[in-house]
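Since the structure comes first, as C-alpha cells, the remarks are kept for the end.
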Amino acid sequence: MTPGGGSGPMKDCEYSQISTHSSSSPMESPHKKKKSVPKRKWEVFPGRNKFFCNGRIMMARQTGVFYLTLVLILVTSGLFFAFDCPYLSEKITPAIPAIGGILFFFVMGTLLRTSFSDPGVLPRATPDEAADLERQIDIANGSSSGGYRPPPRTKEVIINGQTVKLKYCFTCKIFRPPRASHCSLCDNCVERFDHHCPWVGNCVGKRNYRFFYMFILSLSFLTVFIFAFVITHVILRSQQTGFLNALKDSPASVLEAVVCFFSVWSIVGLSGFHTYLISSNQTTNEDIKGSWSNKRGKENYNPYSYGNIFTNCCAALCGPLSPSLIDRRGFIQPDTPQLAGPSNGITMYGATQSQSNMAAATPLLQSEPSITSEELPLPGKTSLSGPCATLTLGQPTPPSSMPNLTSDSGLTDIIPLKEEHEGHQFLTPEEAPSPPGMLPSGSPITHSHTMHVLSLASQDSLHEDSVRGLVKLSSV
C-alpha cells in the first residue's frame, strides 16, 4: 500500500497477525451440551423386581426360597450322580446316569427360564394416559370436576357370550385386561396371572406359565427317578452285605431318599393340579376364586375353554409366545432435551462476526456507535478495503504497553500512536482493548479467531487540523 500524498512519506500500513488458539472460552462453557449416559427403563422400573445382566434377567425381590430350590435340586442330583450312578451303571445299565442327566438339565433349564423371564407384566399408564382415563371415568359416571366421584370403576366386555368385568387398578392406573391381576408382592399387573411362586422367585403368568408347568412336571419325573433308583441301590447292596452295612457303605443314599420322599408328594400333587388347570384352560387365581364352572350349560361357564382337553393343552403349551410389553432394556427418552449452545465461541470486540451475531450475543453493543473506514479517511491515503468495513466501538481501556495512548472525551479526540523505530508494533490478546461490560478487568481474552492491529504512520504525515491519530482494530 503506497501513500497518496501528504507532507511526508507515509510508511506502509500492514496488519500484524496475532493468532490465539484455544480449545474453549469463558463464555462458551455454559452453552456446551452436557453429555449424560442415558438410563435404561429397568433402572427406574416402578415394580418390586430385581434385574441382572443389564435388564436381561428379571426376578422378584424375595428370592431366598428360590435359592433353597436350587440347593435342593443341585445337592440331591449331585449326590445321586456321585454315589449311586457308578454302582447302578455297573450292576444294571449305563442308561441310568444318561437318563438322569437329561432330566436334570431339563429341570434346570425350565427353572431358570421361569425365574429369569418377564411373566407378562403390564406397563403402567403414563401421567397423560392416567389423566385422560380419569376424564373418561368422570364422563361415564356423570360427575363434574370437583364433585363426588362414584366408587365403582369397572368395565364390562363380552367374551364368547359371557360377560367379563374389567377392574381398574389404582396402582397401575389402567383397566386390567381379562384374566389379569395385580401381584401384591411384585407390585405389578400381570397378564393371565396364575400365582406368585416363591419357589421359582417370580410371578407365574402368561409369558412363563408353560415353562413353569414343564419345570414341575420334569421335576416330578426326576424326583421319582432318583428316589426309585436310590432304593434299588440300597436293596442291591443289602443283598450282599446286609441292610445296615449297606446304609453304612452309602450314607448319601439315605439323605437322597429322605429328601425325595418328603418332596415327591407335593411336587407330584402340584403337577397333577396344574395338569387339571391346563386341561380346563383355567388359572390358579380363577380356580381359587371359583370364577368359572367346567360345565358348559351353567351360567358361569368358562368362556376361555375350547371345550376340548387336547385343544386346551395345545393352546397353553404350544401356542405362540407373546413378546414382553415393558421393554425393560429400552432407553429412557429425555423429557427436556438439552440444546447445544453456539459453537462459534465468544462474541467479543474485534472478533470475526457479523453485526447481527455480535448484537445477539452481546446486547450492550446494540446501542453503541460505530465507526467505518469511510467516516475517518486518512489524508492523501486510499481507503482500506477488505473485511474491516464495519467496526463497533466502545470506550476502550488503554493497554499498559502503550503509555502515550490516553482517552479524551468524545470520539473525535483519538490519540496517535507514535512509532519510535521502523518495526511493527504487536498487541497480545491481553493488551487488546475490550468494550465495557464484556469482560472483567484483567481477565484474559481468548478466542479462536485472528486479531489484526493496524500500524499507522508517524504524526508528521497527518494534517494539522485533522485528528491527531487513529488506532484502528479490526478482525478478518
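The values are calculated or read from the model by the stated rules, or taken from the named source; none is laboratory data. In this text the structure is predicted, and so the values were computed from the model without any measurement. Because the Cβ atoms are built from the backbone with ideal geometry, glycine has one as well, and the counts that use them run over all protein chains shown. What goes into the accessible areas is simple: the full protein's heavy atoms, side chains included, and nothing from ligands, DNA or RNA. Shrake-Rupley method; radii C 1.70, N 1.55, O 1.52, S 1.80 Å.
The residues packed around R237, meaning those with a beta-carbon under 15 Å from its beta-carbon, carry a net charge of -2 if Lys and Arg are +1 and Asp and Glu are -1.
Cross-link check: pairs K41/K155; K50/K173; K41/K289; K39/K167; K39/K165; K41/K167 evaluated at a Cα-Cα cut-off of 28 Å; pairs beyond the cut-off: K41/K155; K41/K289; K39/K167; K39/K165.
Any idea which of Y276, N302, A257 is furthest toward the positive side of the dipole for region 246-316, if Lys and Arg beta-carbons carry +1 and Asp and Glu beta-carbons -1? Positive-end residue among those listed: N302. Packing here is the average count of other Cβ atoms within 10 Å per residue, and on that basis the peptides 247-255, 67-75, 175-183, highest first, run 175-183, 247-255, 67-75. Evaluating 6.51 cos²θ - 1.76 cosθ + 1.60 at θ = phi - 60° for every residue in region 38-43, the Karplus couplings come out as x, 8, 8, 5, 5, 6 Hz, glycine and proline recorded as x.
The residues of region 115-254 expose, per residue, 49 Å² of accessible area to a 1.4 Å probe. Subtracting the Cα-Cα distance of N308 and L236 from their residue separation scaled by 0.36 nm leaves 21.3 nm. Residues in region 40-108 average 53 Å² of solvent-accessible surface per residue, probe 1.4 Å, ligands and nucleic acids excluded.
With the convex hull constructed from alpha-carbon coordinates only, region 120-266 shows a mean projected area of 13.4 nm² over all directions. Here the spin labels are modelled as points 7 Å beyond Cα on the Cα-Cβ line, and at L185 and S266 they lie 1.3 nm apart. Computed over neighbours whose Cβ is under 11 Å from that of R61, the net charge equals +1, Lys and Arg +1, Asp and Glu -1.
Evaluated at q = 0.13, 0.19, 0.23 Å⁻¹, a Debye calculation over the C-alpha positions of region 155-238 (equal weights, vacuum) places log10 I(q)/I(0) at -0.60, -0.90, -1.06.
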